Each structure stands twice: as structure tokens, then as C-alpha cells.
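Below is one structure, written out as C-alpha cells; the observations come after it.
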Amino acid sequence: MEKDIKTGSIEMTAAILISGTIGWFVLMSGQPVIDVVLWRCLFGALTLLAVCGLLGHFRAGILTWRLSMLAMLGGIAIVVNWLLLFAAYSRASISIATIVYNTQPFMLLAFGALFFRERITALKLFWLLVAFAGMIAIVQARPSGASTGEEYLVGIAMALGAAFFYALAALVAKKLKGTPPHLIALIQVLTGLALLLPFAGARGLPTEAYQWALLIAMGAVHTGLMYILLYSAIQKLPTHVTGALSFIYPIAALAVDRLAFGHLLQPAQLAGSIAILTAVAGMTFGWTLPHHLRRQTG
């Protein structure tokens with residue numbers, strides 16, 4: 001058991017570090033967002049086809065038509081999520097887009113209340129308000145770099161939209177419990193490929209070798225390898241360890257943004273980011289408040 005936790009922790013950390021660098025790959029590719037997502041789906045599909053074949057996931061009876069349709073629905077949500085998040089990077093910066101994107105747990109909280117009649121406790125409402133205050137601080141901050149105030153706000157809205165569609169995909173994934181996760185991922189990227197083919201390629205194919213290298217990496221590494229490591233880790237780790245390690249993602253993205261592009265958060269952006277991450281951590285780990293604060297929120 002201890003060995004599984006150690007191996008799973010290494011796999012999870014590697015998967016999250018890979019995921020945290022994708023913003024750099026997106027921006028450095030110099031390609032339109034829709035093309036980036038198309039190539040990610042194509043090279044990701046080729047990688048996952050090989051993986052699923054090796055694991056024997058193409059046996060008859062693994063997928064029903066209902067499960068296939070659900071996986072495709074999740075694929076639509078995932079692809080829209082990628083389109084919005086990648087578009088947010090150039091408008092609000094990798095750092096801010098990633099922090100705002102990490103409001104996903106609160107989207108899931110809202111979905112749970114709406115569709116599954118899950119109760120929102122006073123404590124969860126408190127953490128939601130903390131995250132909302134952080135969001136207000138980020139929205140009101142002056143954007144750094146070349147982006148205009150309007151572009152900055154559009155970027156934040158796109159990151160929020162990406163979080164919404166990720167939460168939607170997570171809801172669909174709950175209905176696919178027991179289905180091989182690599183097969184689900186393959187169906188999702190194939191769905192994305194079918195959706196985007198009619199719209200991509202307006203600017204033609206990439207002309208530089210480094211662009212192809214970046215696009216192949218986003219499919220083979222950031223999609224194929226990352227899914228393999230992530231799902232392998234989730235099977236080995238307790239939920240609280242998975243939740244704790246997931247906080248490496250925004251830290252990695254902030255480090256990449258700082259080192260690669262020199263972006264440094266403004267004071268209000270930093271305060272808002274800390275508030276959002278604290279609120280997400282509080283809700284993820286069920287942090288309780290001091291007694292006098294509990295009386296005020298209850």
C-alpha cells in the first residue's frame with residue numbers, strides 16, 4: 001500500500017507538472033487556438049489508440065451505445081474547455097487564466113445543488129464567498145503586459161467558461177464509472193477531431209519544425225502521456241492525496257509564466273489568487289473555521 005502511494009504520488013506529480021506547462025506550448029506554437037486544439041486531438045488520439053490497443057480496450061462489450069454517447073458529450077465539453085482556456089492565456093496571461101480556471105470545484109458545487117439536490121452548507125458558502133472576493137480583486141486589477149483592460153476581462157470570462165465546461169465534463173464522467181479511462185479519453189479526442197476539422201486550418205499548416213514539435217508534444221505528452229500518468233495515479237492514491245497534489249498545477253503554471261514570459265502578478269492579482277486557492281483548498285480538504293467565525297457564518 002505504501003509503495004502504491006509513493007508510485008502514485010510520483011505519477012500524479014509528473015502528470016500535473018506536464019499539465020502546468022501547456023500554456024507555454026500553446027503560446028509558443030504561434031497557431032490559432034482552434035488549430036492548436038485540433039492538432040492536440042489528432043496526436044492525442046494516435047497516442048491513445050496505441051495505448052488502448054495494448055491494454056486490450058477494444059474488446060466487444062466494453063462500451064454500450066449509451067456510454068459511447070455520454071463519452072462523446074463529455075468530449076464536446078472537454079474540447080470547448082480547451083478552446084476557452086487556451087484563448088484566455090494570451091488575453092489574461094497564463095497565471096491569471098490558470099487561477100481563475102481553478103474555480104472548478106465551485107462550479108461542481110453549483111451543479112451538485114442544481115441537479116443532485118446536494119446541500120450547500122454554511123461552510124461551503126463561506127469558501128465560495130472567499131473565492132468570489134478573490135475573483136473581484138483579480139477583475140479589478142490592472143492587467144500587466146500588452147493586453148488591454150477589455151482583453152483582460154474577456155480572458156477572465158473565458159477562463160471561467162473553461163472551468164464551467166470542465167465541471168460539466170466531470171459530471172458526465174461520473175456516469176461513466178467503470179469504463180476504462182483511456183478509452184474515454186480516446187473517444188473525447190476523436191470527438192474533438194470530428195468537431196474541429198471543418199473549422200481549423202484557415203491559416204494553413206505550420207511551417208516551422210519547432211511548431212510541429214510543440215503540437216506533437218501537446219498531443220502525445222500533454223494528452224496521451226498525461227492521461228496515462230494521471231489515471232494510473234488516481235487508481236493508487238487516496239482522494240485527499242490526489243486533492244493535495246492537484247495544487248501543484250497552478251503553482252507550476254505561475255512558475256512557467258514568470259520564467260518564460262516574465263509575468264509577475266500585481267498586488268491585487270496576487271491577493272485574489274491567494275484567496276481563490278485558499279478557498280479551493282478549504283473546500284477540498286473540509287477546513288473548518290475557528291469557533292467564533294463558525295457562529296458568525298452559521
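Readers should treat all values here as calculations from the given coordinates under stated rules, not as data from a laboratory. Here the structure is a predicted model, which is why all the values come from computation and not from measurement. Cβ placement follows ideal geometry from the backbone for every residue including glycine, while neighbour counts extend to all protein chains displayed.
Only one of the numbered conditions (1) basic (Lys, Arg); (2) surrounded by fewer than 17 Cβ atoms within 10 Å (Cβ to Cβ); (3) closer than 19 Å to Leu195 by Cβ is not met by Arg40, and that is (2).
For region 217-237, a residue qualifies if it is buried (at least 17 other Cβ atoms within 10 Å of the Cβ), in a helix (DSSP H, G or I) and aliphatic (A, V, I, L, M), and the qualifying residues are Ala217, Met218, Ala220, Val221, Leu225, Met226, Ile228, Leu229, Leu230, Ala233. Of the residues examined, Ala271 is not one that is small (Gly, Ala, Ser) and either within 30 Å of Lys3 (Cβ to Cβ) or within 16 Å of the chain's Cα centre (by Cα) (or both). For region 243-266, the set of residues classified as on the phi < 0 side of the Ramachandran plot and free of Cβ contacts under 8 Å to residues at least 24 places away in the same chain consists of Leu259 only. Checked against (1) closer than 28 Å to Leu230 by Cα; (2) exposed (fewer than 13 other Cβ atoms within 10 Å of the Cβ), Gln188 passes all but condition (2).
Only one of His182, His240 is touching a His at 6+ places or on another chain (Cβ under 7 Å), touching a residue at least 24 places away in the same chain (Cβ under 8 Å) and in a helix (DSSP H, G or I); which?
Values: His240 fails: touching a His at 6+ places or on another chain (Cβ under 7 Å).
It is His182.
Just a yes or no: is a residue in region 9-27 among the acidic types (Asp, Glu) and loosely packed, with under 14 Cβ neighbours inside 10 Å?
The initial filter retains those residues of region 9-27 that are among the acidic types (Asp, Glu), namely 11.
Now narrow it down to the ones that are loosely packed, with under 14 Cβ neighbours inside 10 Å: none.
Looking for residues that are among the acidic types (Asp, Glu) and loosely packed, with under 14 Cβ neighbours inside 10 Å, one finds none in region 9-27, hence no.
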